[in-house]
Amino acid sequence: MSTFVIKINKIKMDDKILESARQFVEIQLKNTEPGHDYSHAMRVLQNVEKICLKEKCDVLIVRLAAILHDVADAKFHNGDEDKAIEIAKSFLESISVGNEIIEHVLFIIRHISYRKGIPPRMTPELAIVQDADRLDAIGAIGIARAFSYGGFMRRPLHDFDIIPNTEPSLKQPNTINHFYEKLLKIKDMMNTNTAKEIAEGRHEFLLLYLQHFYKEALGD
Ligand code: ADP
Ligand code: NI
């Protein structure tokens, strides 16, 4: 039988529940857009591990939510925001976890997204998984994900005819503008101090990247 082993900061953990969630998500997310794939789920899990070293929480809940949170992103399911909940619910009911855990994991999946605005209440577990997910949208990985999604949507890399706008209202979106709409705002949206600290370095890298991007794009 295979085991789920997390080896981060020398923590090793074998856990049948998490291993079955990992396998489930690996299959569910085969052939998805690379910015929202299985490797994203695993990076969010890694981020959660880091944050959990310093912030108090129920670790089983945050780990399960990290693994399952993007099991069916609405953007790739005709805008259906309930699809991920439905799939995660039926998976969680098929393994032996209690109802309270299922409810909390589903609550996190429902409210994790930037798009859905302020959640009705904040729990330490939602705060942590939300931060872990947002960390993966900035820094070097965040840049890769943004251009992956932009390519998937057939968007131009940039458009010098459009002055960078912080509101996502452009008629002709381009990926560099997404930095201004969203990525550069993320560091100030972190819930936990641990994630805030990690976000600082990743934010600096976004700024440096933009400097190089403009320089090269302007033929400097
Ligand atoms: P969330 O679900 O957390 O609100 P999204 O699913 O919108 O976040 O974003 C997930 C990833 O997809 C991020 O890395 C984000 O930068 C990227 N992404 C989302 N919208 C765009 C866009 N319009 N252009 C480029 N990347 C995008
Ligand atoms: Ni995500």
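Throughout, read-outs are computed from the coordinates displayed, never taken from laboratory work. The structure presented is a predicted model; accordingly, all values stated were derived computationally and were not measured. Backbone-built Cβ (ideal geometry, glycine too); neighbour counts: all protein chains shown.
General observations
- Violating pairs (Cα-Cα greater than 25 angstrom) within the set Lys56/Lys196; Lys116/Lys171; Lys16/Lys196; Lys83/Lys196; Lys30/Lys75; Lys30/Lys83: Lys16/Lys196; Lys83/Lys196
- Packing-based exposure ordering (other Cβ within 10 Å, fewest first) of Ser94, Ser39, Ser113: Ser94, Ser39, Ser113
- Residue order for Met153, Met190, fewest other beta carbons within 10 angstrom first, comes to Met153, Met190.
- Pairwise centroid distance, computed over Cα atoms, of region 172-220 with region 93-131, Å: 27 Å
- Straight-distance crosslink candidates among aspartates and glutamates, where the alpha carbon sits under 17 Å from Lys185 and sequence neighbours closer than 8 are dropped: Asp131, Asp133, Asp136, Glu167, Glu197, Glu200, Glu204
- Across region 139-154, computed HN-Hα scalar couplings (Karplus, 6.51 cos²θ - 1.76 cosθ + 1.60, θ = phi - 60°) run x, 4, 5, x, 5, 4, 5, 4, 6, 5, 5, x, x, 4, 8, 6 Hz from first to last residue, x flagging Gly and Pro.
- Remark: Thr123, Thr175 ranked as Thr123, Thr175, counting other beta-carbon atoms within 10 Å and listing the fewest first.
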